[in-house]
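Only the coordinates and a few stated rules stand behind these numbers; no lab work does. In this text, all values refer to a predicted model and were calculated from it rather than measured experimentally. With ideal geometry, Cβ positions are generated from the backbone for all residues, glycine too; neighbour counts draw on all protein chains shown.
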Amino acid sequence: MFTVQRIYDYRPDGNPAVFIDRLYPRGVTKEKFAAAEWLKDITPSTALRRRYHEDPEQNFSGFATRYHEELQGEAQQRAIAHLLTLEKQHRSVRTFPRWPNI
């Protein structure tokens, strides 16, 4: 089971935590962040993210299609497999995307 939380609410407690974003979160100390894994490969590419943010409502359909295509890449599939392995090993994994509304 995956639980989604904001990275700013993260408190290390020994359970697996995965940060899913391409950009380092502002205001989060490296000490606090060190306890979480950072899976950048699951996130949209920089170019795709920028295009989406130009006009989210108009660009969402194209974004979703292109993002799905990006997730078929080798590095992305490895990151997804790693995330699923964590979930099988620990049954509960907290994920911390900065973009929970996408």
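For W38, the residues whose amide H sits under 5 Å from its own are F19, ignoring neighbours fewer than 5 places away on the same chain, with H placed 1.01 Å from N. Which residue fluctuates the most in the chain, going by a Gaussian network model with Cα springs under 10 Å, if the choices are L71, L23, L48? Most flexible of the set in this elastic network: L23. Extent along the principal axes, Cα only, for the chain: 40, 30, 20 Å, with the longest axis given first. Ignoring aspartates and glutamates fewer than eight residues from K40 along the same chain, the ones with Cα atoms less than 18 angstrom from its Cα are D21, E69, E70, E74, E87. Karplus-based coupling profile of region 27-41, in residue order and whole Hz: x, 9, 5, 5, 5, 5, 6, 4, 7, 9, 7, 10, 9, 6, 5, with θ = phi - 60° in 6.51 cos²θ - 1.76 cosθ + 1.60 and x standing for Gly or Pro. Rounded to 0.05, the FRET efficiency of the V28 and A75 pair, given R0 = 30 Å and the Cβ-Cβ distance, is 0.80. Each of V18, V28 has some number of other Cβ atoms within 10 Å of its Cβ, and from fewest to most they run V28, V18. Karplus-derived 3J(HN,Hα) values for region 50-59, using 6.51 cos²θ - 1.76 cosθ + 1.60 with θ = phi - 60°, are 5, 4, 4, 6, 4, 7, x, 5, 6, 8 Hz; glycine and proline are entered as x.
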